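**Q** Let me give you the structure first, and then I'll get to my questions.
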Amino acid sequence: MTLETLKRSLPPYAKDLKLNLSNLATDPALTPQQRNGTFLAAALASRNPGVIAAFVDEFAADMTPEAVTAAKAAASIMAMNNIYYRFAHLVSNRDYQSMPAKLRMSVIGKPGVEKADFELWSLAVSAINGCGACVDAHERELRKAGFSTEAIQTAVRIAAVVHAVAATLGGEAAFEASELAEA
């Protein structure tokens, strides 16, 4: 499935999502690898097989195998970290914030691509997963690496649109299934 096929599968009320996908797919605020990896990591975080397939087909071919693996690793490690650090941030007992996580996270230190690109993809996934502590940490690292506010915002915009596409398509599938069940 291509990006165009994915856009055609969206219902008419999601026209804004179609337009945003088109604009973000060529946004110059990120390098092609950064942009493609952000789309791929966000798609993986969306957990929607159709969205994942579309973005793998559209963007993975233009990435190195190492970058594809790193985008997958960012989605994977953040799926774990976002739960843990969101808990530590939200729980009333502040003792958890000072305790070591005791979770293996070695891919963060050696992601196989530029550390800043991995941080960008981790930020996008953390935004989707709603972990404020992780969003703050990754944004801070990106600023240290020289990323502009615009580049960081672009990655989060990609995450927001990819997540909205996945939610819309998932919602449409559920709605159609419920209508069919009633008939």
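**Q** Once you have the Kirkwood Rh of the chain from its Cα pairs, apply Stokes-Einstein at 20 °C and 1.002 mPa s and quote D in µm²/s.
**A** Numbers: Rh = 17.0 Å.
Estimated via Stokes-Einstein, D reaches 126 µm²/s.
**Q** Pairs to check: Lys18/Lys110; Lys15/Lys110; Lys15/Lys115; Lys7/Lys72; Lys7/Lys144. Give those whose C-alpha atoms are more than 29 Å from each other in this structure.
**A** Values: Lys18/Lys110 35 Å; Lys15/Lys110 40 Å; Lys15/Lys115 35 Å; Lys7/Lys72 23 Å; Lys7/Lys144 36 Å.
Over 29 Å Cα-Cα: Lys18/Lys110; Lys15/Lys110; Lys15/Lys115; Lys7/Lys144.
**Q** Over what distance in Å are the Cα centres of the range 87-120 and the range 1-69 separated?
**A** Using only Cα atoms to place each centre, the spacing works out to 26 Å.
**Q** Using only the alpha-carbon atoms, how far is helix 115-129 inclined from the longest principal axis of the chain? Give it as 0 to 90 degrees, nearest 10.
**A** 60 degrees
**Q** What chymotrypsin sites (Phe, Trp or Tyr not before Pro) in the range 1-67 are in a loop by DSSP, with at most 14 other Cβ atoms within 10 Å of the Cβ?
**A** Working: sites: Tyr13, Phe39, Phe55, Phe59; in loops: none.
The qualifying sites: there are none.
**Q** A further question follows. Using DSSP to define loop residues, name the trypsin sites (Lys or Arg not before Pro) in the range 90-162 whose beta-carbon has at most 11 other beta-carbon atoms within 10 Å. Numbers along the way, then the final one.
**A** Numbers: sites: Arg94, Lys102, Arg104, Lys115, Arg140, Arg143, Lys144, Arg157; in loops: Arg94, Lys102, Arg104.
Here the sparse-neighbourhood loop sites are Arg94, Lys102, Arg104.
**Q** Using the 10 angstrom Cβ neighbour count as an exposure proxy, how do Tyr85, Tyr96 rank, fewest first?
**A** Numbers: Tyr85 24, Tyr96 15.
Going from sparsest to densest Cβ surroundings: Tyr96, Tyr85.
**Q** What order do you get for Glu176, Glu141 when you list them from fewest to most C-beta neighbours inside 10 Å? Each step should come with its number before you reach the end.
**A** Values: Glu176 10, Glu141 18.
Ascending number of Cβ neighbours within 10 Å: Glu176, Glu141.
**Q** Against the longest principal axis of the chain, how steep is helix 32-46, in degrees 0 to 90 to the nearest 10, with axes from Cα atoms?
**A** In the chain, helix 32-46 runs at an angle near 80 degrees to the longest axis.
**Q** Separate question: Just to be sure I understand: if I project the alpha-carbon convex hull of the range 112-183 onto a plane and average over all orientations, what area do I get in nm²? Present the calculation step by step, with values, prior to reporting the outcome.
**A** On the way: hull surface 24.0 nm².
Averaged projected area of the range 112-183's Cα convex hull equals 6.0 nm².
**Q** Would you compute, for the Cα atoms of the range 56-126, the largest minus smallest coordinate along each principal axis and list the three values in descending order, in whole Å?
**A** Extents along the principal axes, in whole Å: 46, 21, 16.
**Q** In Å and from the alpha-carbon atoms only, list the Rg and Dmax of the range 1-92.
**A** Every Cα atom of the range 1-92 included, Rg and Dmax give 14.9, 46 Å.
Bear in mind these aren't lab numbers, they're just calculated from the coordinates by the rules spelled out. Please read all numbers here as calculations on a predicted model, not as lab measurements. Neighbour counts run over all protein chains shown; Cβ positions are idealised from the backbone, glycine included.
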